[in-house]
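One structure is given below, encoded as structure tokens.
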Amino acid sequence: MAEHLGSGNHTPSLTESLTSRGVASAIDCGDLPSIVSSFVDTFVDFSVSGGLFLPPEPESIENSKGELRTVFPQPSRLIAIGDIHGDLRKAKEALLLANLIGPGDRWCGGSATVVQVGDILDRGGDEIKLLYFFEKLKREAAKAGGQVITLNGNHEIMNVDGDFRYATPSGLKEFENWLMWQRVGNAMKKMCNGIDGNTISRDLLDGVPDEIPGVRPDFLNAARARFAALRPNGLVATRFLSKNQTVVVVGDSVFAHGGLLQKHVVHGFDRINEEVRDWILGVNKRVANYLVRGRSSIVWMRSFSNEQAKDCDCSMLEHVLETIPGVKRLIMGHTIQQEGINAVCANRAIRIDVGMSKECGNKFPEVLEINENSELRVLTSNPTYWKGYHAYVNRGKKDGLGLLTPETGSRQIKVNS
């Protein structure tokens, strides 16, 4: 009794609350521990994801665990989506624009392939919800014969590094909520005798620093939760970010968040993906800075995404692409294009970050579509470009660019979204 006199109040734990209601603190689960554990995990997922039930993983995903594929064949339909930055609504609008999701936000894209070029994290408040949503789409697409590929952007790397400069109060709150539900799930599992101890998370804040540079005291608890989730071998980093590629080739297009240099090609795309993944998993303590940190790294460089074509190093890009067999173009995000998705360097550099997220310009969603003949077009919800639609489509085309018009003039076309 004496230990409670100082505060006058005692907040009961989940176990104490349930015990006071007549529920034993430890229940004999008999032959059901695995079912109980699975139920608790589903309950926690539902609570932190905004109400999603993840479908079972199809065999194609289950059989590929631990592997990050780097090269994919040309699909009948390829959709590229730019930076999302914590905005679930805009992400869904982009997917609807491309007719990839339907009622209930379920996958309806059939055998299409989607590449999201990174920067799901930061600047918004739906980061965890987006990670769950894309995981759901990956499973639904795989079952239908399609695929959803997500890349690491510089903001994914920053967060694994514990750099939260661009995290918003709502984003921090989302991770604080995540930590609370993880603890609830652990408490529920501990109440059931026979549960495999490996399914109960360790102290999630073990090893998390008491202070995080640049974080205000009133956000410290939330920032520590974010650190716990996203650090190497953290639960969110392991479950979601470790599945991201850093470079992929799909058909005759290579995708990277910021860009590629010759040194990255020489390093090898398989090796890049494996080394970044192993760092995120905590298997390796370091990953080379020239891959993911600094102005000339894959996720930070802007040599080909400067909005003014004259500021892009086209000769360097030409040399890089010549050394990647069968590749015609580089598709990247990272740098907001005020005029929408566009092409420079004789249409060999395609820039698809349009600043669609609420905190990055709140622009109309746009996506890039590539058909089986390697023809490109931009799908947009921006009504500014609907007038004169036929004039845009019928202008001169350049080889391999299809309905994406030349480097001058408007590049968008009308789409019913």
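The values are calculated or read from the model by the stated rules, or taken from the named source; none is laboratory data. Keep in mind the model is a prediction, meaning the values are calculated, not measured. Ideal geometry is used to build each Cβ from the backbone, glycine not excepted, and the neighbour counts take in all protein chains shown. Heavy atoms of the whole protein, side chains included, go into the accessibility calculation; ligands, DNA and RNA do not. Shrake-Rupley method; radii C 1.70, N 1.55, O 1.52, S 1.80 Å.
How many residues are open to solvent by 10 Å² or more (accessible area, probe 1.4 Å) and touching a residue at least 40 places away in the same chain (Cβ under 8 Å) if we restrict to segment 286-306? Residues flagged as open to solvent by 10 Å² or more (accessible area, probe 1.4 Å) and touching a residue at least 40 places away in the same chain (Cβ under 8 Å) within segment 286-306 amount to 4. Selection of segment 102-150 for residues being open to solvent by less than 20 Å² (accessible area, probe 1.4 Å) and in a helix (DSSP H, G or I) yields Glu127, Ile128, Leu130, Leu131, Tyr132, Phe133, Phe134, Glu135, Lys136, Leu137, Ala141.
Of the set (1) over 30 Å from Val114 (Cβ atoms); (2) open to solvent by less than 10 Å² (accessible area, probe 1.4 Å); (3) out of contact with any Phe, Trp or Tyr (no Cβ under 9 Å at 6 or more places or on another chain), all apply to Ala223 but (3). Taking segment 295-377 as the region of interest, none of the strands (runs of 3 or more DSSP E) fully inside it holds 2 or more residues being β-branched (Val, Ile, Thr) and out of contact with any Ser or Thr (no Cβ under 7 Å at 6 or more places or on another chain).
Taking residues in segment 374-395 that are closer than 23 Å to Asp252 by Cβ, and partners anywhere that are modelled with pLDDT of 65 or more and part of a helix (DSSP H, G or I), the pairs with Cβ atoms closer than 7 Å and at least 6 places apart or on different chains are Leu379/Leu97.
Listed conditions (1) farther than 27 Å from Thr42 by Cα; (2) among the aliphatic types (A, V, I, L, M); (3) at pLDDT 90 or above are all met by Val215, apart from (3). So, of the residues in segment 178-187 that are open to solvent by less than 50 Å² (accessible area, probe 1.4 Å) and in contact with a helix residue (DSSP H, G or I) (Cβ under 7 Å, 6 or more places away or on another chain), which turns out to be modelled with the lowest pLDDT? In this case the residue turns out to be Ala187.
Among the residues examined, Val344 does not qualify as over 16 Å from Asn154 (Cα atoms), surrounded by fewer than 19 Cβ atoms within 10 Å (Cβ to Cβ) and β-branched (Val, Ile, Thr). Between Gly259, Gly282, the distinction of being in contact (Cβ under 8 Å) with a residue 40 or more places away in the chain and open to solvent by less than 10 Å² (accessible area, probe 1.4 Å) belongs to Gly259 only. Of the helices (runs of 4 or more DSSP H) lying entirely inside segment 183-272, those containing at least 2 residues that are closer than 30 Å to Asp313 by Cα are 262-267. Taken over segment 328-351, the criterion of being under 16 Å from Val71 (Cα atoms) and under 24 Å from the mean Cα position of the chain (by Cα) is satisfied by Arg329, Leu330, Ile331. Quick check: is even one residue across segment 161-181 within 11 Å of the chain's Cα centre (by Cα) and free of Cβ contacts under 8 Å to residues at least 60 places away in the same chain? No, segment 161-181 has no match at all. Tell me, please, whether a residue that is without any contact (Cβ under 8 Å) to a residue 40 or more places away in the chain and either in a loop (DSSP other than H, G, I, E, B) or surrounded by 22 or more Cβ atoms within 10 Å (Cβ to Cβ) (or both) can be found in segment 66-80. The answer is yes, given that some residue of segment 66-80 is without any contact (Cβ under 8 Å) to a residue 40 or more places away in the chain and either in a loop (DSSP other than H, G, I, E, B) or surrounded by 22 or more Cβ atoms within 10 Å (Cβ to Cβ) (or both).
Looking only at segment 152-177, residues that are part of a helix (DSSP H, G or I) and open to solvent by 40 Å² or more (accessible area, probe 1.4 Å) come to 5 in all. Yes or no: Gly185 more than 28 Å from Gly326 (Cα to Cα), more than 24 Å from the chain's Cα centre (by Cα) and free of Cβ contacts under 8 Å to residues at least 60 places away in the same chain? Judged against the criteria, Gly185 is not a match. Say we look at segment 316-335 and pick out the residues that are without any contact (Cβ under 8 Å) to a residue 60 or more places away in the chain and either surrounded by 22 or more Cβ atoms within 10 Å (Cβ to Cβ) or of a type in the set (D, E, K, R) (or both); which of these is nearest to Phe255 (Cα to Cα)? Checking each candidate, the answer is Leu317.
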